[in-house]
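> This is the structure I want to talk about, given as structure tokens.
What follows is calculated from the coordinates using simple rules that are stated; it is not laboratory data. Just so we're clear, the structure is a prediction, and the values are computed from it rather than from any experiment. Please note: Cβ atoms are built from the backbone with ideal geometry, for glycine as well, and neighbour counts cover all protein chains shown.
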Amino acid sequence: MDINLLESSIKKKQLEKMFYIFSGKEDFLKERVFENLVSAYVPSEDRIDNVFDIDLSQMKPEDFFGKLFSFSFNQSHRLFHIRNIEDIVYSQRKVFIERMCVISEKVSNVIFIINTAETRTASEISRILGDKSDKTDFWPPFENQMIQWVQKEARYWGGEITIEAGELLLHKVGTQLRLLSREISKLCTARGKAVIDVAGISAGVGNLRQDSIFDLLARIRTRNLIGALETLENLLQKGEPVIKIWFMIVKTVRSYRLLHDLAVDRPDLLNPIFDNLKTLIRLHGKSDFHSNQEKKNLVTAIQTQIAEWPGYLTEATGLDQAFEIKNLAFALKYSRLELCRLWPKLLEIDLLLKSSPPNDSLVLQKFVTELISKDLNPPSWKGGSNI
């Protein structure tokens with residue numbers, strides 16, 4: 001079931017199934033939906049007796065059934081939030097779900113929420129429960145959907161936010177939904193019915209963005225120079241070690257160079273791969289159903305193409321892993337000539353950074369600028385006055 005349909009059904013109190021499987025890793029969205037479910041189906045005075053948090057990493061499965069058949073002094077729905085079901089071994093998990101399925105015929109006014117981050121476990125449970133259940137995937141919105149989510153969250157808190165203000169908020173806070181929601185709720189409370197604009201964000205929100213090295217690599221992949229430098233600055237300000245950042249950048253550049261070198265040595269192997277990688281790049285940022293299916297098909301096609309490659313070659317390139325395939329597609333954003341030109345600097349800067357230069361952050365910033373830029377004159381790396 002789509003998350004929007006699930007939310008709508010909860011609001012209207014029109015849930016038709018007894019079992020709802022929450023799949024995926026976005027805990028904030030799961031918590032929000034469960035809170036709305038409790039609010040819709042269980043009056044506040046009955047919640048202490050009717051809402052159960054079942055942590056199967058701390059409770060034996062058989063103890064759960066004792067709670068299920070416990071006596072209630074009210075007629076409200078009882079909600080069972082079952083977590084960490086993946087901690088049970090498969091054979092016990094299967095028996096547990098099958099028993100729940102049978103017992104569900106003997107109880108009424110009960111809703112089970114089975115929460116698991118593992119999509120494989122969620123699919124397995126869904127197969128066992130069949131038409132008694134609905135499964136909803138909870139994932140963060142795609143990048144091109146974040147503004148829409150921010151505006152929806154503002155409406156949830158009784159406010160309204162402009163597109164420009166939403167963009168500034170994302171720039172200051174980042175894309176962590178829990179942190180975004182906290183800031184939006186504070187803004188809506190402070191401004192009442194006034195529309196949240198750029199001035200409101202500037203005055204009311206500090207720079208809370210929690211960038212990671214992977215955010216930096218994502219901006220390097222897409223050759224987003226301004227974004228990469230801003231992310232790098234944030235990482236350095238929060239104390240991320242320069243050598244750690246440098247290692248991840250070098251690892252990315254080396255993987256790109258390897259792919260281009262293989263294309264020169266074995267075009268018969270790499271040209272078909274490159275064709276599919278180019279299509280993956282064109283689909284970057286698109287999140288509609290058709291695009292997502294096409295991405296999956298392209299990744300599968302690449303994995304099929306490399307099935308006959310020697311094991312050491314697939315392992316060296318990373319093309320045997322779906323996640324790495326999507327990352328390596330951006331090697332095509334860089335030419336082999338560019339990567340070859342940068343190659344001598346990798347050793348030079350590596351030695352320089354390990355010799356504790358007076359301004360290692362500036363060394364890193366200059367290299368990222370030269371790596372991403374196509375038109376800038378390369379900075380000089382010789383002499384202490386240039387570093």
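> Once the Cα atoms of helix 267-282 and of the chain are each reduced to a long axis, what angle between those two axes, in degrees from 0 to 90 to the nearest 10, is obtained?
60
> Now a separate question. Measure nothing fancy, just the Cα-based angle from helix 289-305's long axis to the longest principal axis of the chain, in degrees from 0 to 90, nearest 10.
So the helix axis and the longest Cα principal axis differ by about 60 degrees.
> Can you give the charge dipole size of the chain about its Cα centre, rounded to the nearest 20 debye, using +1 on the beta carbon of Lys and Arg and -1 on the beta carbon of Asp and Glu?
Here the chain has a charge dipole of around 400 debye.
> What ³J(HN,Hα) values, in whole Hz, does the Karplus curve 6.51 cos²θ - 1.76 cosθ + 1.60 give for segment 337-346 when θ = phi - 60°, with x put for Gly and Pro?
Each residue's phi maps through the Karplus curve to give 4, 4, 5, 5, 5, 7, 4, x, 6, 4 Hz.
> Then there is this: Give me the Kirkwood hydrodynamic radius of segment 217-302 in Å, from all C-alpha pairs, to one decimal place?
It works out to 15.2 Å.
> Specify which residue in the list Gln151, Ile245, Leu225 is farthest towards the positive end of the charge dipole of the chain, using unit charges on the beta carbon of Lys, Arg (+1) and Asp, Glu (-1), about the Cα centre.
Leu225
> How far is the Cα center of segment 1-61 from the Cα center of segment 345-377, in Å?
Cα centres, segment 1-61 to segment 345-377: 51 Å.
> Dipole magnitude of segment 3-137 about its Cα centre, charges +1 at Lys/Arg Cβ and -1 at Asp/Glu Cβ only, in debye to the nearest 20?
So the dipole magnitude of segment 3-137 works out to roughly 300 debye.
> Note down, for the chain, the three equivalent ellipsoid semi-axes (square root of 5 times each alpha carbon gyration tensor eigenvalue), biggest first, whole angstrom.
46, 29, 19
> With +1 on each Lys and Arg Cβ and -1 on each Asp and Glu Cβ, how big is the dipole of segment 143-204 about its Cα centre, in debye rounded to the nearest 20?
Charge dipole of segment 143-204: 300 debye, to the nearest 20.
> Checking the a/c ratio against 1.5 first, then a/b against b/c, what shape does the Cα gyration tensor give for segment 143-204?
Rounded, because the longest to shortest axis ratio a/c is under 1.5.
> Please list the non-local residues whose amide H lies under 5 Å from the amide H of Phe142, H modeled 1.01 Å from N, same-chain partners needing a gap of 5 or more.
none
> Mind checking which of Ser291, Val89, Tyr20 is farthest towards the positive end of the chain's charge dipole, using Cβ charges of +1 (Lys, Arg) and -1 (Asp, Glu) about the Cα centre?
My answer, from the dipole projection, is Ser291.
> Next up: Grab the other residues whose beta carbon is less than 15 angstrom from that of Met18, score K and R as +1, D and E as -1, and report the net.
+2
> Let me ask you something else. Using r as the Cβ-Cβ distance of Asn109 and Ile163, and R0 as 41 Å, what FRET efficiency do you calculate, to the nearest 0.05?
So, using R0 = 41 Å, E works out to roughly 0.40.
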